[in-house]
Structure formats: structure tokens, C-alpha cells
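Before any comments, here is the structure.
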Amino acid sequence: MGRKLLTEHINVEGIDTFEVYRKHGGYRSVEKAIKTMTPDEVVEEVKKSGLRGRGGAGFPTGMKWSFLAKPEGVPRYLVCNADESEPGTFKDRQLMSKLPHLLIEGMITSSYALGANTSYIYIRGELLYVLRILEKAIAEAYANGFLGKNILGSGYDLDLHVHPGGGAYICGEETALLESLEGKRGNPRNKPPFPAVQGLYARPTVVNNVESIAAVVPIINEGGDEYAKIGVGRSTGTKLISACGHLNKPGIYEIELGVPVEEFIYSDEYCGGIWKGRQLKAVVAGGSSVPILPTELILKTAAGENRLMTYESLSDGGFMTGTMLGSGGFIAMDETTCIVRNTWNFSRFYHHESCGQCSPCREGTGWMEKVLHRLEHGHGHMEDIDLLVSVAKQIEGNTICPLGEAAAWPVAAAVRHFRHEFEWHVTHAKEAAQPGAVYRPGAVLA
Amino acid sequence: MAKITFDGVEVEVPDGTTILNAARQIGGGIVPPAMCYYTPLKGSGGKCRACLVRVAAGSAKDPRPMPKLVASCVTPVQDGMVVENTTSEQVLSVRKGIVEMLLINHPLDCPVCDQAGECDLQNFAFEHGVSTTRYQEERRTFEKIDIGPLIQLHMTRCILCYRCVYTADQIAKGDRVHGVLGRGDAAEIGTYIENIIDNDFSGNVIDVCPVGALTDKTFRFKQRVWFTKPVNAHRDCPKCAGNVVLWYKGKDVLRTTARKDQYGEVKEWICNECRFEKKETSDWVIEGPAHIDRSSVISANHYELPVLNQSVVADLPESTVRDLQQNPPLKLGS
């Protein structure tokens, strides 16, 4: 059994209340940090831990914190990105609804490290019930002296606010999130300037994912070095994986980074194999925006080594034969999955969620979706397949924010690894357009 | 000051200058195209992606190339930066893609569009695009939207550059009624519940629009722009500086616009009274022919020919004469 640093007490009754949480060792990190450490020491500890951003990009959190501009007399902000809405990713929701005090504790410790006196949790508007849970927990933290003026008699003040968003996927992009938090339309900003220099209200700001902030708690409690002992190489600590799709036991698992993908899918400790005894066909390992991989490439790298659940191992081979750990949205697809239909479905999402600011994303996402719609419904042509790749390439890297890539990568990867299915949708258009129709290996293409 | 190399040409510019503005200091054909960036409008730029360039070296301190192409209109220069624009195959190929994307929903109705001849997208497509498209799907169209008696909104032609939104926001503070509604390719410029735009400076949204989405209702369908004759003029206006260009057909003033620089950017905003109401020569003090770039289709007109007459030249400012000598108007068929 792997160690559970975040979710150890998740099933304890009443853990969402201050009393029970405190009884199980809650808020120790705040006491330790505020009473015995300077803010710089806390940052140093996070650096030592090797913690990497859990929202998807995997940027080292400690390093991100150290980039924060610290001009005198200017407020700084910590913003927690709780706008989780990538298809396949649902780990933060669980963490916040079951362990609200863990996030609040992380927010206090992190805010102290960054010298922020006002912090925000920007939560997806649809998660109204989680917002209520957080608000209740924040009120409890205020009542017990962990928030507000002069926390634990240290002279450090912190106000924490929860802010519901309007329910747009783009508001999960950090600069769009800041725009939305400022009360404007959630359009991503041009970078530079980066939020660390000019973020919320044009002040230095750090934006971190819920899980990254929660992970600060065990890092301070146990020490950065201890945390760094878990995991493999530069992928340290534990990670929440939200596993869904055709698995026997879909759900949210806290794994020690470095678990082999094969073990994660097939062992009883985790997903328990593919349902109904079927074969695995493909996996999207890190939320719908990362490239899809066929079974043979998700289990083993191109060099024949076992693929591990780490940032490095999953991205081994680049985008030709690898993928990304991303946000940990693990979607498994069995042999009855139509890849074209699945890609169209993803594409529909990104088309719908594009903010429309920059032309390649605004026009390109819609174009890809329409071509995929045609292919799926039996009106495609052979040249449409190359057209898809070409349009994806026109979007990738040319947009203001990474939503362009998020839309382009799944399409390009699906064509790269499952081109035969796209071709089958052209050559067997009528058959492929039937509900539930799926390409079977060995089908004659022409 | 920062020294950068742009397409092999060195230029020194003040810190904080954007790559695009550094390139504009060099001038000529190497300047990246810009559809959404507009110098007088704070916050504009970065959206159309037409001005993407490759940064082959970030700075003297960190000479690594930037991983992605960057929008030159919003990226500040660093000392020692090396930028590739027309010298990069990648940039030119991406620009082809951008033209294709922009033309997906923009109708090619140039023969009936009032912006023809002054359209940034037309020029951009001509210089960087290809003559065919691979797009076969349904395009978006819009019902006619009424936004008042002075300005015509053709939403079908809009490329969502946001220039008019910034204009409304920045020069008509408090009176702003229009902005972007919806998102993605369903986004549109609109007024709140079909409101009308009627503040004193609203006409400027016509000047900033790079395409024919916002046109002048007092001018539309009256004349093709290359058959008119632009003349600089001014008047003593209590609201604005009153420096304009009058567009003549014979003795009639068909249209009044603000003066623009060589990159099509307005030099001074003008008020609606100057733009829409003062259409008599007697309202104005005439300064002389407006300069039109020789590459512009407007210069295909021969309105400047009388300038060659010495008696006319004698009345013109020296700078105008010099300009005409250096950039003689192109003659059709020559």
C-alpha cells in the first residue's frame, strides 16, 4: 500500500468539521510554520520537497513561489485555482468537499510563506455545494483564530475568500481566472507580464492548484526532504488520480508517483482491471487535453520499458510515443470505444469552451469539430484526416493561452495513433455512422 | 535602450518598446502585419495572431530561442534579442494559416463592401494568404443588427479584433453600450439588447475597424473609396482637435474621417459632429491633398495628377511636394 499524505483521513466521519480535523492532526503545519519558521524557510521547504504543480503543467511549486516579486508596501496575493473542469479530472472537487480544512490549512501556510494577507479560492460556479462546505469551514477557521487578524498571536493577518466563477472552462487558465476574479470577462491575458509580477489587481500573485496547496501541509509537517523521498526522480510525493472510463473500480486514488501504469490499471489496490473482462484499447492519462495513447504505448515506452505514473515516464518519447501526467484525469477506454466519436466529443468540448479572443483557437476549434462530426456521421473524405492534423498544427502554439494546445493535441494524437479508424470511417461510412459502431481490428479498409 | 536585430537589421529602441514598434522604426516591407493591435488603444493586441514572429535569441543575457512564436505587438524587446519575421519560413507559413482562419467566417464580399480598398484583412490576405480554402463547412451568418442612425454593424464581417470595444471603453467612458457577447466562434460584437451607440465620439469605431464590420451610414454605397479624393482639412472644433480628411467626389464631400498614419492608425480622434455633420467645404479650412501610400489601391486614382501642374504645386506645402516626388502615384497599366 502506498502512503496517503492527503487522503489518509478522508473517510473519517465529520472530518469536514474543525474539531474532528484538528483531532486528527489538523492545522499542525500552520502552527509549525507561523511559530517556528520564517516565510523564506517555508518556501525553502517546499523547494526541497520537489513538489510540482498538480493542476497539469507540473511546474515546480517552490520555484514558482520564489519568482514572486516582493516590492515593499505592495500587497501580494495567493489564488487557489479550484476551477476544475477538464473532462476526466475530478480530484479537487473530492478533496474540497471531504477535506475542506486541508485546503484552508494549506492556504494559510502558503499565504504566510508568500507574505499574502488576502487570499482567494476561485471555485467553479457549478460546485455550489462545495462552496458552501468551504465557506462553513472558513468560518470555523476564523472562529478558532486560524484566520483573521493576528493569527496564533504571531502578528500575521490573513483573510480568505471563496469566489464562485461563472462556469467557463477557460477561467481555469490562470490569467483568465484573474480577469474573472477582478469581475471582468474571463479572457486570458497576454504574457508577459506574468502573474508573479503583475497578477490580481496588477499585484504580484501566485496561482496554485487545490492539490498543490493541500500538499504543502504534509510537506511542512514532515519536512521537504521526507516528502521528496516518495516518488521517482523529479516526480516526488503523492498524486491524486481521478480514474474513470471502462475500469472495474473507477474512482479517485492517491498514488505515490512512480506506480507502474500497468499496476495502476490492473491491480486490485487501484482500478482492478478493465470491466466485463474486455481488452484495453486506449488511455488518456492526464485529462482530456493530453495526447491519447494506445494500450501498447501506455503500458510500455517506445524503448520497451515499463511506463510509470510520473511526469517524466509518461512524457517519455515526446508527443510521438508519449503523453503527459497532466492533472491526473485517467480515462481508460475498452475495445468497444470508437476513437473518432471520442475525439469528436472532446473536440466539441473545446469548441464550446474557446473564449474566442484569438483567431486560430476561435475558428480552428470549430473547424476541427465540424470535420470530426462529418467523419463520425459518415460524410468524411480521406483528405479530411490530413486536414485535421493540419488545422491542429495551425492552432498549436499560436494562441494566447494553452486552450489552443488542449484542443489540438487530442485530435493530432488520435489521428497519429488511430489513423486506421479514421480511414475506416471514410471507407465504411454507412457502417461507421451507426450508433455504437466501432472499428474492429482486421477490418478491410478499402 | 535596447538593441535588437530584426530580420538582420539592427535597431536601437527604448526599453519597453514592443517588437512590432521596433520593426516599425525600421519600416518598409518587413514590418509584421497587425489586425488587432492599435497604438492609441491601451490593452489592444495579441488577439489576431497575425503579427507572430520567431524570437531566435531571447536576449544577450539569455540567448536561447523562445519556444513558441510570440505576438510581436505585445512582447517587449530585450537587449540583444534576435527576431525573425520575413526571414522565417515558419512565421510565413503560420501567417498563411491565420489568413485561412480569419477568412473562414469573413465573407469575400469585397465587391460590395464599403471597406474595400481600405481593408486591412484584404491587404493581409493579399500579402500572406493563398487563393483557395480547405473549409467546406457551414459558415456563420447574422441577422442585420441596428445600432443607430450613424453606424452600420455587419457582424458577418467582424473578425473580433476588439478594437471597437477598446475604443468605446477608452474614449467614450461612461457611455459605452457595446462589447463582446458570447464566446468562441459564437462571440459577437453587440450592443446591450439592441441599444444604439450615440455618444459624441462613437464614430471612431468606424475608423478603427480593420474590416467592413463597422461602416459609416452617411457614406456607405455612395462611392468606391479609390474614386474619391482625400484632402486634409481642419476646423475650429470645441470637442475635438478638428483635424480630418475629407473624401471628395467632384465638389461634394462624401465622407469625413480621422487622419491616419502609414499603419492605418488614427492620429487624433474626431467627434461625431466633424465626422457626420460637417459635409460642406465651407465648414473647413483646406490644407491640401492627403498623403496616400503608393502601394494603396486608393493611389490608383489619378486625383493627384493636377499636382504636376506647376501652378498647383506652388500652393502646396513643401513636404507634400517632396512626398509626391518621392512616391509618384502609380499609373494603371504602367
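What the table shows:
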| item | result |
| --- | --- |
| Considering residues of the stretch B:75-106 that are facing chain A (nearest Cβ under 8 Å), of a type in the set (A, V, I, L, M) and touching a residue at least 12 places away in the same chain (Cβ under 8 Å) only, the residue surrounded by the fewest Cβ atoms within 10 Å (Cβ to Cβ) | B:ILE104 |
| Scope the stretch B:225-256; condition in contact with a strand residue (DSSP E or B) (Cβ under 6 Å, 6 or more places away or on another chain) and among the small types (Gly, Ala, Ser); matching residues | B:ALA233, B:GLY242 |
| 2 or more residues in contact with a strand residue (DSSP E or B) (Cβ under 8 Å, 6 or more places away or on another chain) and β-branched (Val, Ile, Thr): qualifying strands (runs of 3 or more DSSP E) within the stretch A:279-364 | A:280-284 |
| Candidates B:VAL244, B:VAL225, B:VAL231, filtered to the one that is away from chain A (no Cβ under 14 Å), free of Cβ contacts under 8 Å to residues at least 60 places away in the same chain, closer than 30 Å to B:VAL285 by Cβ and within 17 Å of the chain's Cα centre (by Cα) | B:VAL244 |
| Odd one out for B:LYS42, checked against (1) touching a helix residue (DSSP H, G or I) at 6+ places or on another chain (Cβ under 7 Å); (2) closer than 26 Å to B:CYS209 by Cβ; (3) away from every other protein chain (no Cβ under 11 Å); (4) at pLDDT 95 or above | (4) |
| Residue within the stretch B:63-74 that is exposed (fewer than 15 other Cβ atoms within 10 Å of the Cβ), part of a loop (DSSP other than H, G, I, E, B) and facing another protein chain (nearest Cβ under 10 Å) present | yes |
| Output for the stretch B:114-165, where each listed residue is among the aliphatic types (A, V, I, L, M) and either within 14 Å of another protein chain (Cβ to nearest Cβ) or more than 15 Å from the chain's Cα centre (by Cα) (or both) | B:LEU121, B:ALA125, B:VAL130, B:ILE145, B:ILE147, B:LEU150, B:ILE151, B:LEU153, B:MET155, B:ILE159, B:LEU160, B:VAL165 |
| Matching entry among A:ILE170, A:ILE219, A:ILE230, A:ILE213 (being in contact with a Leu (Cβ under 8 Å, 6 or more places away or on another chain) and within 13 Å of chain B (Cβ to nearest Cβ)) | A:ILE170 |
| Cβ pairs under 7 Å, 6+ apart, first in the stretch A:356-369 and more than 7 Å from every other protein chain (Cβ to nearest Cβ), second among the charged types (D, E, K, R) | A:GLU369/A:ARG348 |
| Single residue of A:GLU383, A:GLU376 found to be at the interface with chain B (Cβ under 9 Å from one of its Cβ atoms) and farther than 23 Å from A:THR89 by Cβ | A:GLU383 |
| Number of positions in the stretch A:137-155 that are touching a residue at least 40 places away in the same chain (Cβ under 8 Å) and surrounded by 18 or more Cβ atoms within 10 Å (Cβ to Cβ) | 6 |
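The values are calculated or read from the model by the stated rules, or taken from the named source; none is laboratory data. Just so you know, these numbers come straight off a predicted model, no measurement behind them. Here Cβ is always computed from backbone atoms with ideal geometry, including for glycine, and neighbour counts include all displayed protein chains.
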